[in-house]
1. Once you order the gyration tensor axes a ≥ b ≥ c over the Cα atoms, which shape class does the stretch 14-80 get: rounded for a/c under 1.5, otherwise prolate or oblate by comparing a/b with b/c?
2. How large is ³J(HN,Hα) for each residue in the stretch 213-227, as worked out from phi by the Karplus curve 6.51 cos²θ - 1.76 cosθ + 1.60 (θ = phi - 60°), to whole Hz, x for Gly and Pro?
3. Roughly what would the spin-label model give for Thr170 and Lys99, points 7 Å off Cα along C-beta, in nm?
4. Please state the charge dipole magnitude for the stretch 1-99, taken about the Cα centre, from unit charges on C-beta atoms (+1 on K and R, -1 on D and E), reported in debye and rounded to the nearest 20.
5. Just read off the accessible area of Leu211 with the full protein assembly in place, 1.4 Å probe, to the nearest 10 Å².
6. Give me the one-decimal nm value for the distance between modelled label points at Asp216 and Val33, 7 Å along each residue's Cα-to-Cβ direction.
7. Tyr48 versus Thr84, label points 7 Å from Cα toward the beta carbon: distance in nm?
8. Set the Förster radius R0 to 35 Å, insert the Cβ-Cβ distance between Glu137 and Glu209 as r into 1/(1 + (r/R0)^6), and round the FRET efficiency to 0.05.
Amino acid sequence: MKQVREYSEKEKSIFKGIMDLLNQGCGIHELKVSDIALAAGIGKGTVYEYFSTKEEIIREAVSYYVYKEFDTFTALIDKQQNFTDTIYDILNHTIEMLKTRFTSLLFMVVSLEESDVKQLIQEDRTLLPTVRSGMNEFIEKLCDKGRKEKLIGEDVSFEECKLVLNGILTSFTNEVLFMRNKSLPGTAEDSDSQPSRVDILAEPFIDEEGLSELKDRVVKLILKALK
């Protein structure tokens, strides 16, 4: 699944500016074109040379990063020759995304759990169907690899593979987010304080051993469910 069109370096800098602002804790609907321009290191007038409205800017940025993340996940399948190592690569990449970036836009679009993103892509009638189709191709390639290694039972259908992988990987993402938040200062069970997005994204994970154990459990669960 490739980008619908190529973006100029100026457009990419604008998109990066938006992601930087989101990582700093700004809400999608709180963004201003002047702030986006400042974060991108260009003038406000230059932004309007490429985009007509703030909504268009954000919608294109979401699309750009969704496609970019999807291409990265797809490349992981081609990188590894065996099914198990591919799953580990996917889990590791997911952790890195949740450590260093605005919570994965790809996950948001696929699950539609993020109302802001859902609202932004409503006008783009092609993005969601394209992503859904691309995810099916992604999972199909992954399942084919597992079948060739006889790690996926012959009677397990593609739809069953998709349900298992989507369900377990989504649960893994949620568990990693929980572990991340729990490791932050001021998030103990007896505390009423809640970390801001800035605090969450600025802090590294503490329980690396717990993450390693979680990945092992996830891989075993996937193999068991697909056998």
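The values are calculated or read from the model by the stated rules, or taken from the named source; none is laboratory data. Because the structure is a prediction, the values reported are computed rather than measured. Note that we place each Cβ from the backbone using ideal geometry, even for glycine, and neighbour counts take in every protein chain shown. Please note that ligands, DNA and RNA were not included when accessible areas were found on the heavy atoms of the full protein model with its side chains. Shrake-Rupley method; radii C 1.70, N 1.55, O 1.52, S 1.80 Å.
1. Working: a/c = 2.56, a/b = 2.08, b/c = 1.23.
Prolate, because a/c is 1.5 or more and a/b exceeds b/c.
2. 5, 4, 4, 4, 5, 5, 4, 4, 5, 4, 4, 5, 5, 9, 6
3. 2.6
4. Values: 12 positive and 16 negative charges, 40 e Å.
Dipole of the stretch 1-99, to the nearest 20 debye: 200 debye.
5. The value for Leu211 is about 10 Å².
6. About 5.5 nm separates the two model spin labels.
7. Between Tyr48 and Thr84, the label points sit 6.0 nm apart.
8. Values: r = 35 Å, r/R0 = 1.00.
Using R0 = 35 Å, I get an efficiency of 0.50.
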